[in-house]
1. Please list, short to long, the whole-number percent of alpha-carbon pairs of segment 290-476 in consecutive 5 angstrom bins beginning at zero.
2. Ranking 307, 29, 330 by Cβ neighbours within 10 Å, fewest first, what do you get?
3. What size of dipole, in debye to the nearest 20, comes out for segment 15-276 about its Cα centre when the only charges are +1 on Lys and Arg C-beta atoms and -1 on Asp and Glu C-beta atoms?
4. For n ≥ 4 DSSP H runs only, could you compute -39500 (n - 2.57) per run for the chain, divide by its residues and tell me the 222 nm figure to the nearest 500?
5. Work out the length of the dipole vector of the chain about its Cα centre, built from +1 on the beta-carbon of each Lys and Arg and -1 on the beta-carbon of each Asp and Glu, and round it to the nearest 20 debye.
6. Each label point is 7 Å from the Cα along the Cα-to-Cβ direction; what then is the distance between the points at residue 323 and residue 218, in nm?
7. Which whole-Hz ³J(HN,Hα) couplings does segment 136-144 yield from phi under the Karplus relation 6.51 cos²θ - 1.76 cosθ + 1.60, θ = phi - 60°, glycine and proline marked x?
8. About the Cα centre, and with charges only on the beta carbon of Lys, Arg (+1) and Asp, Glu (-1), how big is the dipole of segment 58-175? Nearest 20 debye, please.
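A short reminder: the numbers here are calculations on the coordinates, not readings from a lab. Nothing here was measured: the structure is a model prediction, and the numbers come from that model. Quick reminder, even Gly has a Cβ in these numbers, built from the backbone with ideal geometry, and neighbours come from all protein chains shown.
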Amino acid sequence: MAASPVIPGFHPDPSICRAGGDYYLACSSFEYFPGVPVFRSRDLRRWEQVGNALERPSQLCLPESVPGSGGVYAPTLRYHDGRFFLVTTNFWGGGNLLFTADTPEGPWSDPVKIGWLPHVDPDLAWDADGTCYLTVDGIQQARLDTATGTLLEEPRSLWSGTLGFPEAPHLYEVDGTWYLMIAEGGTERGHCISIARGASPEGPFTPCPANPILTHRSTTDPVQNTGHGDLVQAPDGSWWLVFLAVRPKGGSPGFHALGRETFLAPVTWEDGWPVVGEITDGPPWAEPAHDDFDAPQLHPRWISPRSRPPMDLSESRLVLDGAEADAMDSRLPAFVGRRQQHPYVRVRTQAGGTGGLAVRMDERHHYEVEIRDGMVRAHARIGDLRQVIGEQACPAGTVVLRMEIVPVDIATAANRVTPDPDHIRLGFEQGGEFTVLAELDGRYLSTEVAGGFTGRVVGVYAAAGTAAFDWFDYEVLPE
């Protein structure tokens, strides 16, 4: 059994800070709006999403031209001098941006655009004199005026690791020594975390002789791609690391579909260097699984590609308007969804009009079950191929669309050289009975096939007209 994440599903590049007894954590959101989910915890294991930092178009512009896995990369969240700071990159749409807030729940300010620095993964750190240092992947650094976004000097190169692809820098001052922690080795199976130290935030830095301090590369551990982490100290003096990793399933090369998830591990110090312990299991994820759409606005868990589509929540249901017939192929679909956070789930919605239930990696990789023209149809889009897999006349009365993401049957897996990671069943139910129109291999909705940096998102959409959804149910199935 794989160790479990503390924030499961597509929640990569975690950055953490503490204010008093509360911990706050932010993650990348890429092409989805609203951007940068923000979580709160008291114990580092149980996390509640309290909002999204970038929830207004004035904060986050993601036009149709932004490709899948473009958009918001790798935020850093910090608490300094009684205020919260968040710095991130809008890749393909704005560069490095700085936001501030009185509380992590928001509202967050409009962005301060940071002077030209063509890198991602920005980090903020302040020395005792209040000088702010901006450090980015590469690894490049310059002093920063946080009020104006002006770089106060030409960027300089710092220590860049030993394995290639240095990224995700974070600077910390611990007992008078400065530590520079980075991710390196690429964000796939070779991903890892390394660290160096020096007397100044500007270096020079001496690498840890035990680098990398975290990696699962070349092991059979069910948790892989460990990297891109951030350190935090608890009120009791203990230290902890949050980091991203994946849980691949199926045969070689292994397929991860939920995206890169947030994990937690304890940290001890030996000879002035951090030592990362075993992964701390997260609790069973207890986020509410049912939405009746009876609030005036959607819960912050609901996201859409690039911008919010036209919608109406005034009658205790979600009504979407979609202009395109092949809605889920669009870069701006009339779609709202939530991250798939568990390997196996059952998703249901009561639907009317023209639209359906979908599971999405990007606009070129998605499955859906849809009501249109008196029929219920199961569709699949895999790269350049789009096909109706199964269809049936729409039953009379209320229609409940249903999707199940389930383990692969052992007998089926035995006949495959490379077993599927999971199967996705699409259909509808009437009187509680599930009519399956299609059962599809889940590998085609995985990062190893689709590419990119995101994970599956399940939700509802409208196509070539209006679709109304009375409720949406997300049920976790046994592993």
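1. Each 5 Å bin holds this share of Cα pairs: 1, 8, 17, 22, 22, 16, 8, 3, 1, 0, 0.
2. Ordered from fewest to most neighbouring Cβ atoms within 10 Å, 307, 29, 330 come out as 307, 330, 29.
3. On the way: 17 positive and 30 negative charges, 138 e Å.
Its charge dipole is roughly 660 debye.
4. On the way: 2 runs with 9 residues, N = 479.
That comes out to -500 deg cm²/dmol.
5. Working: 37 positive and 63 negative charges, 99 e Å.
Roughly 480 debye, rounded to the nearest 20.
6. Here the modelled spin labels are 5.5 nm apart.
7. Karplus values, whole Hz, x for Gly and Pro: 10, 4, x, 10, 10, 9, 8, 5, 10.
8. Values: 5 positive and 16 negative charges, 53 e Å.
Here segment 58-175 has a charge dipole of around 260 debye.
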